[in-house]
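**Student:** First the structure, then my questions, so here it is.
The values are calculated or read from the model by the stated rules, or taken from the named source; none is laboratory data. Computed from a predicted structure; not experimentally measured. Here the Cβ positions follow ideal geometry from the backbone for every residue, glycine too, while neighbour counts run over all protein chains shown. Heavy atoms of the whole protein, side chains included, go into the accessibility calculation; ligands, DNA and RNA do not. Shrake-Rupley method; radii C 1.70, N 1.55, O 1.52, S 1.80 Å.
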Amino acid sequence: MEEYLTESIYNLIPPPPQERIKPERYRSKYAQTVRTETKTHKSINKTLGPAKVAPNDPKSFLTKHSKEPKLSGDSTYRYPDEDKRKPPVPHHTDQPQIGSPTKKDFLTTNVTANVMSVPKKPNPTYVDTVGGTRHTLDSSGLVPKYVHKKEYGKVPDYLTQRKKEVQEMQEAYDHYVQESFNKGAMSQLSTDKRDEILVSLKKSWEELHHQYQGLSVVTDTAPKKARKERMEAEMKQLEKDIEMMEKHKVIYIAQN
């Protein structure tokens with residue numbers, strides 16, 4: 001409302017554009033000093049190199065590899081594993097090192113060792129082909145190896161632990177159910193009532209299935225399609241309820 005009250009015909013005339021005043025251009029205070037020094041030193045070293053420098057000796061010219069760094073110390077290369085290497089193979093001109101002669105009778109020693117030695121038992125094998133292919137008897141499964149183990153015939157520890165955990169969970173659940181019974185918050189469904197509900201559910205499923213079989217094969221309209229989907233959903237729900245009632249023998253009902 002205030003906008004219409006301040007409206008005037010003089011406001012229709014555009015105001016003249018305001019001229020933008022540019023700020024003064026920046027000028028360095030050292031500009032004149034730089035110009036003076038540039039003019040003063042402008043003519044120095046116009047020739048090749050400084051004017052009063054002694055030329056190099058013609059004999060001291062740049063040679064090849066003169067600027068490469070020189071390594072200090074021994075330049076002989078040594079392998080890192082030189083201390084761990086085996087001694088070199090003897091040359092064919094080297095004389096073999098002959099040890100001191102011995103009086104040991106190797107023939108008698110070998111005969112005595114063979115006479116006193118225990119014969120080695122052959123490994124048990126079995127043959128499974130006409131050509132005589134042999135295999136070790138341990139891998140055949142004919143040798144009773146597992147019956148000799150300490151744990152053979154005993155219940156594993158993890159099964160014992162699992163059984164203990166299941167028993168504790170069942171005891172906790174029974175305790176919770178008993179407390180709910182004492183408080184009156186839960187009641188157990190009787191067997192007769194459970195059977196009656198189960199028969200009623202199966203009867204409802206059969207009636208619904210009979211109606212479903214009487215539907216038209218062609219679902220060309222929206223109502224037919226909706227009715228078919230609704231009946232399928234109801235049949236699935238009845239099947240879940242029947243499965244739940246058959247699976248659980250004891251059913252508890254919460255009292256609201």
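**Student:** With (1) at pLDDT below 85; (2) hydroxyl-bearing (Ser, Thr, Tyr); (3) part of a helix (DSSP H, G or I) as the list, and Tyr212 as the residue in question, which single condition is left unmet?
**Tutor:** (1)
**Student:** Please determine whether any residue of region 143-166 is hydrophobic (A, V, I, L, M, F, W, C), closer than 30 Å to Asp241 by Cα and outside any loop (DSSP other than H, G, I, E, B).
**Tutor:** Taking every residue of region 143-166 in turn, at least one turns out to be hydrophobic (A, V, I, L, M, F, W, C), closer than 30 Å to Asp241 by Cα and outside any loop (DSSP other than H, G, I, E, B).
**Student:** Go through region 103-132 and report how many residues are open to solvent by less than 100 Å² (accessible area, probe 1.4 Å) and not acidic (Asp, Glu).
**Tutor:** Looking only at that region, the number is 14.
**Student:** Hey, another quick one. Inspect region 178-200 for any residue being touching a Ser or Thr at 6+ places or on another chain (Cβ under 8 Å), surrounded by 10 or more Cβ atoms within 10 Å (Cβ to Cβ) and either among the acidic types (Asp, Glu) or not in a helix (DSSP H, G or I) (or both) and give the result as yes or no.
**Tutor:** yes
**Student:** Still on this structure: If Val218 passes every condition in (1) surrounded by 10 or more Cβ atoms within 10 Å (Cβ to Cβ); (2) in a loop (DSSP other than H, G, I, E, B); (3) not acidic (Asp, Glu) but one, which one does it miss?
**Tutor:** Unmet condition: (1).
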